[in-house]
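Here the structure comes first, spelled out in structure tokens, and everything after it is commentary.
Read the figures in this text as sums done on the coordinates, not as results from a lab. Predicted, not measured: the structure shown is a model, and the values here were computed from it. Cβ placement follows ideal geometry from the backbone for every residue including glycine, while neighbour counts extend to all protein chains displayed.
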Amino acid sequence: MNATGALRDSTVRVGPLFNIPALLFKLGCDPGHVFERVGFNIEELADTDHRISYLAASRLLAECVVATGCEYFGLLLGQMAGPSYLGVAGFLVRSAATVGQALEALVKNLDLHDEGGVSDLSIETDYTRLSFHVHQPGVSAIGQIYDMSAAIMYNTMHSLCGDGWKATQICLVRRKPADPTPYKQYFRAPLIFDSEMCGIVFSS
């Protein structure tokens with residue numbers, strides 16, 4: 001809350017949200033109608049570097065789930081994005097000399113992309129955990145945001161380590177869906193639903 005009692009509203013780069021219209025169309029929905037229902041100008045997604053309201057973006061994601069009936073819309077959206085969608089933070093990831101330096105650059109500079117959340121890197125002898133936490137209050141469809149974030153983290157590791165890389169555990173901040181198949185097929189790793197954190201765990 002700010003001094004007037006209104007919710008503080010962070011901003012986020014369009015980046016991974018850029019593909020929302022294409023995904024809506026693929027799932028049989030008219031993007032224009034979906035955007036209109038939440039009072040969101042579709043033109044705001046035309047530039048991946050454009051910054052938009054965190055709360056407005058979350059309401060748009062919530063409406064996308066309602067319109068499509070797809071409970072894993074965020075997962076599908078995240079599958080379409082990698083480090084190149086994260087702006088300067090993503091550039092630093094791709095230009096780092098080692099995987100460790102790349103992940104440290106991501107954690108340190110994620111705020112250049114996302115003001116409403118924070119990333120964390122925990123490196124142990126055997127296992128490493130890369131996680132993400134939303135701290136923006138009043139967010140809608142937070143499970144969708146976490147699903148999208150987990151997929152982007154997963155894609156980032158694949159871009160750094162190659163197609164042969166595998167996670168040892170995927171932690172998802174959402175209830176276990178009636179059909180977890182889309183998650184199993186994409187992550188190809190043990191899934192932890194109802195987790196207290198959104199993150200991926202892998203061998204150090």
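Structural remarks
- Three-way shape call for the range 1-112 based on the alpha-carbon gyration tensor, with the a/c threshold at 1.5: oblate
- Each Lys and Arg contributes +1 and each Asp and Glu -1, all at the Cβ; summed about the Cα centre of the range 92-133, the dipole is approximately 160 debye.
- A straight Cα-to-Cα reach below 18 Å connects Lys166 with the lysines Lys184, residues fewer than 8 places away in its own chain not being considered.
- Where labels lie 7 Å past Cα in the beta-carbon direction, separation of Ala97 and Ile42 in nm: 4.7 nm
- Think of each Lys and Arg Cβ as +1 and each Asp and Glu Cβ as -1; about the Cα centre, that makes the dipole of the chain roughly 320 debye.
- Peptides 142-153, 175-186 ranked from most to least packed by the mean count of surrounding Cβ atoms within 10 Å: 142-153, 175-186.
- Answer label, with semi-axes √(5λ) of the Cα gyration tensor in Å calculated from the coordinates and candidates (i) 24, 24, 13; (ii) 26, 20, 17; (iii) 45, 23, 14: (ii)
- Extreme residue, positive dipole direction of the chain, given options Ile42, Gly87, Gly69 (C-beta unit charges): Gly69
- At least 18 Å along the helix axis (C-alpha) and Kyte average at least -0.5, DSSP helices within the chain: 54-68, 142-161
- Label-point separation, Val66 to Arg175 (7 Å along Cα→Cβ), nm: 1.8 nm
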